[in-house]
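Down below is the structure, laid out as structure tokens.
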Amino acid sequence: MLPPAPYLLICSIFSLTKAAPAFIVTNVSLKIIKEINRLSDILPVRTYYEESKDYGSFGTHFHSYHKLILVREGIAKFKINQREFLAGPNSLVIIRAMDKHDWFPQKIPYKRYAFTVTRQQMLTAIREPKLLSFLSFNNPKSQNLVLLHPEIAEKLTNILNAAILESDEKKPFWSSRVITFIFHALIELYREYPDMFDIGDNSRSTNTIMQIQNYIAEHFNEKIILDQLAEKFFMSKFHLSRRFKAITGYSFKSYLIQYRIGKAQMLLRDTDKPVFDICYDVGYENLEHFIRIFHKYQGITPHQYRLYWYREQVKSRKPQETHVFEQYANFSYHNLP
């Protein structure tokens, strides 16, 4: 059975065409990467296991989502934003959204677990700013490689196996449950490596921004205005905006929009609520404005998002005998009704 998610087409195409990796990189993969990045926020968090039995490289690329790789066997050479390093067994590789990267197996078979999560999914599913800082661009102690203690690597392996089983079975609310496994994984990492979870100084303003993040999580469906927040938390509007961007990596407006869109995605996937109701449930008072904002950040409308999600659910339950290239060629992002 071929993997249902467009994201996994990269691995499938490469494995099916090992004889011509140069052709893949120059003529096929760039187009697919572009399509995948446009679709990356449509699908929920993804967890999977992969094995590479050749020394091919996919070529330098980037994603609009975060990706963590847990190496269990073999060795791979990674290049992330001009930095090169080797990742062997029990290595955790952290690839943040928009990081330019490539990898080259050095010892095969190269076996690893991976999970991908979008920035919106992280914002809406994880309420703890400390845990969110692990994948923050502004974390002063951010790393791309962590050598885990064997027992921690084993714990993460068990968590990821449970997430993969949940993804395969696709029971009700499976995508929401998978993100809880990632939450557990981050907790395990924090308990063992707290220094990697750093939001900078521990000043009063930093703690205030963390309180504001929690406030947004609790009141995102209400009217939230920067001026009112500044008054509520005893900060100037300018200082709040500057500190918010410095700590979270997002402007206040972008953070709030992406948080609301993430919540809307969950409701579109997990409920049968009309788009009109979801619009108000996530804090928008005008349906046309909500659809326009959703389309601006996702590339499709809320209705198209729900239809695509349902179609992926149906496809994942049917045998897939179609060649992977045909599967990609027949999919049209713009043909969604």
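Since every read-out is calculated from the coordinates, none of them should be taken as a lab result. Keep in mind that what you see is a predicted model, and the values were worked out from it rather than measured. All Cβ positions, even for glycine, are placed from backbone atoms using ideal geometry, and neighbour counts span all protein chains on display.
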So between GLU84 and GLU188, what do we pick up on full extension, going 0.36 nm a residue minus the alpha carbon distance? 34.8 nm
If you split all Cα-Cα distances of region 64-188 into 10 Å bins from zero, what percentages do you get per bin, shortest first? 12, 43, 36, 8, 0
ASP281 versus GLN228: modelled label distance in nm, points set 7 Å from Cα along the beta carbon direction: 2.2 nm
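Looking at region 159-233, what % of the alpha carbon pairs are farther apart than 22 Å? Mind showing how you got there, number by number?
On the way: 1397 of 2775 pairs.
Cα-Cα pairs in region 159-233 separated by more than 22 Å: 50 percent.
Among residues other than SER236 whose Cβ falls under 15 Å from its Cβ, what is the net charge (Lys/Arg +1, Asp/Glu -1)? Each step should come with its number before you reach the end.
Numbers: positive: ARG204, LYS232, LYS237, ARG242, ARG243, LYS245; negative: ASP227, GLU231.
So the environment of SER236 carries a net charge of +4.
Using 0.36 nm per residue of separation minus the Cα-Cα distance, give me the extension gain between ASP168 and GLN211 in nm, one decimal. Walk me through the intermediate numbers first.
On the way: separation 43, 0.36 × 43 = 15.48 nm, distance 3.67 nm.
The span from ASP168 to GLN211 would gain 11.8 nm if fully extended.
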Taking the alpha-carbon centre of each part, the distance from region 167-184 to region 246-267 in Å is 21 Å
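Run the numbers on region 61-151 and let me know its relative contact order in percent, using alpha-carbon pairs under 8 Å that are six or more apart.
Details: 176 pairs, mean separation 31.7, N = 91.
Across region 61-151, relative contact order equals 35 percent.
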Kindly provide the pair-distance distribution of region 237-298 built from C-alpha pairs, with 10 Å bins from 0 and whole-percent values in order of increasing distance. 22, 45, 25, 8, 0
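For LYS171, LYS296, what ranking results if the residue with the fewest other Cβ atoms within 10 Å of its Cβ goes first?
On the way: LYS171 7, LYS296 10.
Fewest-to-most ranking of LYS171, LYS296: LYS171, LYS296.
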When only alpha-carbon atoms are used, what values of Rg and Dmax, in angstrom, describe region 174-274? 15.8, 44
